[in-house]
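*Asks:* One structure is given below, represented as structure tokens, and several questions about it will come after.
The values are calculated or read from the model by the stated rules, or taken from the named source; none is laboratory data. Please read all numbers here as calculations on a predicted model, not as lab measurements. Backbone-built Cβ (ideal geometry, glycine too); neighbour counts: all protein chains shown. Side chains included, ligands, DNA and RNA excluded: accessible areas come from the protein's heavy atoms. Shrake-Rupley method; radii C 1.70, N 1.55, O 1.52, S 1.80 Å.
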Amino acid sequence: MAHDYESPRKVPTSAIIPFMAIAFGLAWGLFVVLFLFPEAVARLFGGISASNPLFILAVYAPAIAALILVLWYTGLSGMKGFLSRLLLWRCSFGWAAFLLLAIPAIYYSGALVKGTALAVSFPSIGAAFAAMAFMLLLGPMEEFGWRGFALPLLQRRMAPIWAGLLLGLIWGAWHLPAFFLSGTPQSAWGISPFIIGSISVSVILTPLFNASGGSILLSALFHFQLNNPLWPDAQPYDTIFFVSAAALVVWFNRDTMFDRRAGQTRITVKRLET
């Protein structure tokens, strides 16, 4: 029989401070470069867009911060234990349905209100798959940092509801520089709905993360569904539906969301055969 246990070399709770410093410092520093020197960046790396290498590096900042700190505190064995959380994929039927069906339903509901439900189109099936593959390797990589590293540390100090709310606010604020750069996905969105949506999504994702035993994989797939290019543009109306969904998720999971002992707090996990 296999059991999970935490590596003896633990990541301390105080690691949340250098994590935030690296995640914000690297990302915001790169955004400053993109903002101040757009012509030089365009000559070297192409125009400012989601595919610009500097933009991608900025998006990867939370993951880079998490990997650096896991390696620093726990070594290679701890890194293996951290990455093994990509193998955690089991969740209830209800969570699987939310991940696969409810998220697209939220976007289409918002798009119906906005009148853009039929606005998504690709020149070919290949182009659609290419767009999906790119988005799978972009935003979801953040989850190595946000849910993979930061959320367990926050849940050592507070109940999941408060950890989810706080992380959602931090997560939303981390995106702020992108709103002031033309060519980025965020430049076409409103800041307030985005921040509220980020908080709502973080609250929804927190009980899924805990129910799955701290899965980085499911967190990344959840993030991908949020960015899936197949869904129509529903900003800002999708925010209303995400807030409503968050309220329902908290209600149905109220016993664990307000229980400080219910949150996953491990960073590194190993398998022990008995």
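*Asks:* Only one residue in Leu88, Leu67 is closer than 21 Å to Trp171 by Cα, touching a residue at least 12 places away in the same chain (Cβ under 8 Å), open to solvent by less than 70 Å² (accessible area, probe 1.4 Å) and among the hydrophobic types (A, V, I, L, M, F, W, C), so which one is that?
*Replies:* Within the list Leu88, Leu67, the selection yields Leu67.
*Asks:* Among Phe19, Phe24, which is open to solvent by 40 Å² or more (accessible area, probe 1.4 Å), assigned to a helix (DSSP H, G or I), modelled with pLDDT of 95 or more and among the aromatic types (Phe, Trp, Tyr)?
*Replies:* Unique residue meeting the criteria: Phe24.
Conditions tested, residue by residue: (1) closer than 18 Å to Glu142 by Cα; (2) in contact with a Pro (Cβ under 7 Å, 6 or more places away or on another chain); (3) assigned to a loop (DSSP other than H, G, I, E, B).
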| residue | (1), (2), (3) |
| --- | --- |
| Ile195 | yes, no, no |
| Val203 | yes, no, no |
| Phe209 | yes, no, no |
| Gly214 | yes, yes, yes |
| Leu217 | yes, no, no |
| Leu226 | yes, no, no |
| Asp233 | no, no, yes |
| Ser244 | no, no, no |
| Thr256 | no, yes, no |
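*Asks:* Then there is this: Name the single residue that is nearest to Ser14 (Cα to Cα) among those in the range 70-79 being in contact with a helix residue (DSSP H, G or I) (Cβ under 9 Å, 6 or more places away or on another chain) and open to solvent by 10 Å² or more (accessible area, probe 1.4 Å).
*Replies:* It comes out as Tyr73.
*Asks:* Right, something else. Please go through the range 205-263 and give me each residue that is within 24 Å of Met135 (Cα to Cα), open to solvent by 60 Å² or more (accessible area, probe 1.4 Å) and hydroxyl-bearing (Ser, Thr, Tyr), ordered by number.
*Replies:* Tyr237
*Asks:* Out of curiosity, is Leu166 in contact with a Leu (Cβ under 7 Å, 6 or more places away or on another chain), open to solvent by less than 20 Å² (accessible area, probe 1.4 Å) and more than 23 Å from Gly47 (Cβ to Cβ)?
*Replies:* Answer is no for this residue.
*Asks:* Looking for whichever is surrounded by 15 or more Cβ atoms within 10 Å (Cβ to Cβ), assigned to a helix (DSSP H, G or I), at pLDDT below 95 and out of contact with any helix residue (DSSP H, G or I) (no Cβ under 6 Å at 6 or more places or on another chain) here; the options are Ala178, Ala128, Ala102. Which one fits?
*Replies:* Ala128
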